[in-house]
1. Residues that are open to solvent by less than 20 Å² (accessible area, probe 1.4 Å) and at pLDDT 80 or above: find the helices (runs of 4 or more DSSP H) completely inside the range 190-252 holding 2 or more of those.
2. What residue, among those in the range 258-285 that are at pLDDT 75 or above and aromatic (Phe, Trp, Tyr), is farthest from Phe333 (Cα to Cα)?
3. Taking the condition in contact (Cβ under 8 Å) with a residue 40 or more places away in the chain, open to solvent by 10 Å² or more (accessible area, probe 1.4 Å) and under 22 Å from the mean Cα position of the chain (by Cα), does Val325 pass?
4. Do the conditions hold for Ala138, that is, is it closer than 30 Å to Cys47 by Cβ and open to solvent by 70 Å² or more (accessible area, probe 1.4 Å)?
5. Look at the range 164-182 and say how many of its residues are farther than 15 Å from Thr117 by Cβ and touching a helix residue (DSSP H, G or I) at 6+ places or on another chain (Cβ under 6 Å).
6. Ile321 is checked against (1) at pLDDT 80 or above; (2) under 27 Å from Val270 (Cβ atoms) and fails just one. What number does that condition carry?
7. I'm trying to understand the selection: among the residues of the range 303-322, which are assigned to a helix (DSSP H, G or I) and buried (at least 17 other Cβ atoms within 10 Å of the Cβ)?
8. With the requirement that a residue be closer than 14 Å to Thr204 by Cβ and either at pLDDT 65 or above or crowded, with 22+ Cβ neighbours inside 10 Å (or both), what does the range 46-59 give you?
Amino acid sequence: MFRAIGRIFRTPDLRRKIGFTLGIVALFRLGSFIPAPFVDFQNVQICLAGNQGATGLYQLVNLFSGGALLQLSIFALGIMPYITASIITQLLRVVIPHFDTLHKEGQAGQAKLTQYTRYMTIALAVLQSTTLITVARAGALFPTTSGVPQCSDLITNDAWYAILLMVITMTAGTGLIMWLGELVTERGIGNGMSLLIFVSIAATFPSALWAIAVSQGFEIFLLVLALGLLVMGAVVFVEQSQRRIPVQYAKRMVGRRTYGGNNTYIPIKVNMAGVVPVIFASSLLYLPALIAQFNQPAAGETAPEWVVWIQNNLVSGDNPIYMVVYFLLIVGFTYFYVAITFNPEEVADNMKKYGGFIPGIRAGRPTAEYLDYVLTRVTLPGSLYLGLVALIPLIAFAAVGANQNFPFGGASILIIVGVGLETVKQIDAQLQQRHYEGLLR
């Protein structure tokens, strides 16, 4: 293992790529601590100190930005607008035939879809930065410290030009992050966007674990660490699990050459949806809290019953109703997303076109029905697994007092494991090309 790591740094090309990636990561983290114009940095730090362990509306986005959102930095929005734009582009393939045609056109079509994603990212960044600044001016960014006067005075200048400059700065920060991610993809190691998300989440691990050690004691900290390692091992096992459907290709003669006749398989992963259902469910569950927040009664008036019910049951993560709704939403969104991203009829048509067939299954419609049958049953344990992993931070919040960004569960552990495995595979492939030995034996 250590010799393999030594070979990484003795290989000039690989060493250059890893150095470039680490440099981009350092620049990304530096920008997360530079405050945007007209932001009172001292007041923000006071509110952050009083907001530890809160489960506010922006905790998920703050997780993906590495804590930059609640600090109102120039990288406050992080990579979240790009993630949202990418998901929207994927969903539009089902609704708009032009997007589906571009997806099937190969590299040229993919480049066009990437361009659309960039434009949508900038538009979403403008919208989200405007919303963030509005909420910060209203003093509602930190829910547990709304009575602290500093939390209502985060922005020092309310003039229109100051707000416009803040929106432009945060939008430009998102554009810069997007460019840095693409640079890492082209010149570094791994997928740039995924690595930046990985770094954002990993940056919150030490503070989250230290908060548990301080509030609950060293014994609970060790117990959490041991359970976290077990959860991480289980997540690695499930993420690598797949159902392999055997496929055979018939031999065919083209001129004097023989093509086909080989055996392969279609890998259907247990978790084909990745972390997307967790993001969907979290975003949808934040909508009732957001609606209730903007329907607060005036002083001396009584809040409507539906607002009180939402605040009691759908805001705090330690509520059983919140947990059940969250779990069911994740299961439903897993099936929805898998149905959009994997089309059995399209796979069956492509197999039939190139002379492929599943042993014992007729080509065409029977193949599509068989693939749909297998996919539906494999997705069930995958959806239950996602729901259980997503509930880990909520259970930890109720039992240990950790916040919902508990490092060993939810979206954080799924992204950390997924991106880590993919990056290690890429480094391993690079080593095998040069030394005939990978990172692991």
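1. 192-202, 218-240
2. Residue satisfying both the conditions and the ranking: Tyr265.
3. yes
4. yes
5. Number satisfying all stated conditions: 5.
6. Result: Ile321 passes all but (2).
7. Val307, Ile310, Tyr322
8. Correct list: Leu48 only.
The values are calculated or read from the model by the stated rules, or taken from the named source; none is laboratory data. Small disclaimer: the values here were computed from a predicted structure and weren't measured. Cβ atoms come from the backbone with ideal geometry, glycine included; neighbour counts cover every protein chain shown. Just so you know, the surface numbers come from the protein's heavy atoms only, side chains and all, with ligands and any DNA or RNA stripped out. Shrake-Rupley method; radii C 1.70, N 1.55, O 1.52, S 1.80 Å.
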